[in-house]
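Novice: I'd like to ask some things about the structure below.
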């Protein structure tokens with residue numbers, strides 16, 4: 001079965017209603033990383049690569065008790081940081097990225113997290129996804145956060161036909177109202193976990209089923225993955 005095509009104009013028209021329904025369905029929607037400052041969120045998003053937010057939350061509960069500021073991470077033996085974040089996976093690279101990022105924060109930004117995409121994406125271990133999380137959550141700058149849930153759901157919803165994160169971000173920026181970008185992205189995570197799962201989406205229980213081209217049939221499972 002061919003992938004259903006929806007015009008950009010039609011996507012712009014239905015996006016606000018999809019957003020409204022999802023926000024109503026998940027009234028407590030939020031970033032699932034338990035952070036208390038932009039600096040904590042920055043490091044947590046680095047750790048979250050190839051790791052669940054739940055695991056990062058557990059690890060960082062103790063991590064931030066011991067290391068509170070960028071200087072603390074720079075001064076610490078790398079092996080100690082590796083040990084502290086070991087269960088997040090890829091701990092050697094993540095530890096190096098964290099220390100290097102903290103060094104740049106101290107050298108270029110007075111120990112503070114920068115507030116622009118251009119300054120964030122050059123930090124080791126930080127990409128557009130991480131930058132959009134920080135900008136939207138901490139500084140009120142709307143951003144489309146493209147993770148695996150967003151990729152899967154927006155393809156199924158017909159908002160994009162791409163699997164490339166940058167292309168998906170651009171496609172969604174064209175059809176999602178700008179003021180909804182950050183929260184709409186969180187909607188994708190909550191809905192992706194609860195209903196629109198990767199292997200067996202619960203289409204019959206979906207609050208936006210009538211607005212989505214992805215049907216709950218075996219044939220429909222081939223439309224967008």
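The values are calculated or read from the model by the stated rules, or taken from the named source; none is laboratory data. Since the structure is predicted, the reported quantities are computational estimates derived from the model, not experimental observations. Neighbour counts are summed over all protein chains in view; Cβ atoms, including those assigned to glycine, are modelled from backbone coordinates with ideal geometry.
Novice: Can you find, within the range 25-39, the residue that is nearest to residue 98 (Cα to Cα) among those that are touching a helix residue (DSSP H, G or I) at 6+ places or on another chain (Cβ under 6 Å) and modelled with pLDDT of 95 or more?
Specialist: Narrowing the range 25-39 to residues touching a helix residue (DSSP H, G or I) at 6+ places or on another chain (Cβ under 6 Å): 26, 29, 31-35, 38.
Subsequent filtering for residues that are modelled with pLDDT of 95 or more retains 26, 33-35, 38.
Details: 26: 33, 33: 17, 34: 18, 35: 16, 38: 14 Å.
Filtering the range 25-39 for residues that are touching a helix residue (DSSP H, G or I) at 6+ places or on another chain (Cβ under 6 Å) and modelled with pLDDT of 95 or more, the one nearest to residue 98 (Cα to Cα) comes out as 38.
Condition check ((1) surrounded by 16 or more Cβ atoms within 10 Å (Cβ to Cβ); (2) at positive phi; (3) assigned to a loop (DSSP other than H, G, I, E, B); (4) at pLDDT below 95) across all residues:
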position: 98; (1), (2), (3), (4): yes, no, no, no
position: 107; (1), (2), (3), (4): no, no, no, no
position: 114; (1), (2), (3), (4): yes, no, yes, no
position: 133; (1), (2), (3), (4): yes, no, no, no
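For every residue, the table says whether it meets (1) touching a residue at least 12 places away in the same chain (Cβ under 8 Å); (2) in the same structural domain as residue 214 (by TED's automatic domain parsing).
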{"position": "81", "(1), (2)": "yes, no"}
{"position": "119", "(1), (2)": "no, no"}
{"position": "126", "(1), (2)": "yes, no"}
{"position": "133", "(1), (2)": "yes, no"}
{"position": "155", "(1), (2)": "yes, yes"}
{"position": "163", "(1), (2)": "yes, yes"}
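Novice: Got at least one residue in the range 86-96 being under 20 Å from residue 193 (Cβ atoms) and either surrounded by fewer than 18 Cβ atoms within 10 Å (Cβ to Cβ) or in the same structural domain as residue 122 (by TED's automatic domain parsing) (or both)? Step through it out loud before you land on a result.
Specialist: So in the range 86-96, the residues under 20 Å from residue 193 (Cβ atoms) come out as 88-89.
Checking which are either surrounded by fewer than 18 Cβ atoms within 10 Å (Cβ to Cβ) or in the same structural domain as residue 122 (by TED's automatic domain parsing) (or both) leaves us with 88-89.
Yes, some residue in the range 86-96 is under 20 Å from residue 193 (Cβ atoms) and either surrounded by fewer than 18 Cβ atoms within 10 Å (Cβ to Cβ) or in the same structural domain as residue 122 (by TED's automatic domain parsing) (or both).
Novice: Here is a follow-up. Taking the range 7-51, which residues are crowded, with 16+ Cβ neighbours inside 10 Å and on the phi > 0 side of the Ramachandran plot?
Specialist: Residues satisfying the conditions do not exist here.
Novice: Within the range 52-78, how many residues are surrounded by fewer than 12 Cβ atoms within 10 Å (Cβ to Cβ) and part of a loop (DSSP other than H, G, I, E, B)?
Specialist: Qualifying residue count for the region: 1.
Novice: Out of the residues in the range 156-172 meeting the condition of being over 19 Å from residue 7 (Cα atoms) and touching a helix residue (DSSP H, G or I) at 6+ places or on another chain (Cβ under 7 Å), tell me which one is surrounded by the fewest Cβ atoms within 10 Å (Cβ to Cβ). Walk me through it before giving the result.
Specialist: Within the range 156-172, the subset over 19 Å from residue 7 (Cα atoms) is 164-166.
Remaining after also requiring touching a helix residue (DSSP H, G or I) at 6+ places or on another chain (Cβ under 7 Å): 165-166.
Details: 165: 18, 166: 12.
Checking each candidate, the answer is 166.
Novice: Something else about it: Given (1) part of a helix (DSSP H, G or I); (2) over 20 Å from residue 44 (Cβ atoms); (3) modelled with pLDDT of 95 or more, where does residue 207 come up short, assuming only one miss?
Specialist: (1)
Novice: Sticking with this one: Could you list, in sequence order, the residues of the range 173-193 that are surrounded by fewer than 18 Cβ atoms within 10 Å (Cβ to Cβ) and without any contact (Cβ under 8 Å) to a residue 60 or more places away in the chain?
Specialist: Listed by number, the residues that qualify are 173, 178, 179, 193.
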